[in-house]
Amino acid sequence: MDTTPTRHRLRRLAISVAGIAVVAGLGFGGVASAAGEDDTSGERPAATARVSNEERCEKAEAILARADALLAKIADFEARLAELKEKAIEAGREELVERIDQWLARLAALTDKIETRIARVEAWVGEHCD
């Protein structure tokens, strides 16, 4: 049985999932700095300390919109993986089902991380923005 098309499809999907993880990590670096305290004690990089609360408030909406877009992409990937998992189960490909389950677990962990950061930003915005 030739599994080349499935392997290529899964490889593209894995690359996409990894891309989302990288974008989420980089994109939410701003979330962490937006939710940080406004001090200049030297514990944070100087560039972050120079950002005023007003600037953070202006960027918060864009950060939250980007987070929502990432969550939507993750949901799409989870749906595609669920379809592939069903096909793999029907074909009796247990090793593929295990790999898909691992990817789904990674996506679930990434979703939890993003949702935690969204809550953190929303709490900060509620405290500091009008």
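The values are calculated or read from the model by the stated rules, or taken from the named source; none is laboratory data. All of these numbers come straight from a predicted model, not from anything done at the bench. Neighbour counts run over all protein chains shown; Cβ positions are idealised from the backbone, glycine included. Protein only, heavy atoms only, side chains kept; ligands, DNA and RNA dropped before computing areas. Shrake-Rupley method; radii C 1.70, N 1.55, O 1.52, S 1.80 Å.
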For segment 73-94, how many residues meet the condition of being closer than 30 Å to GLU55 by Cβ and either open to solvent by 60 Å² or more (accessible area, probe 1.4 Å) or touching a residue at least 60 places away in the same chain (Cβ under 8 Å) (or both)?
-> 1
Test VAL97 against the criterion of being open to solvent by less than 50 Å² (accessible area, probe 1.4 Å), modelled with pLDDT of 90 or more and among the β-branched types (Val, Ile, Thr), and give yes or no.
-> yes
Note on segment 100-124: residues crowded, with 18+ Cβ neighbours inside 10 Å and not charged (D, E, K, R) are ILE100, TRP103, LEU107, LEU110, ILE114, ILE118, VAL121, TRP124
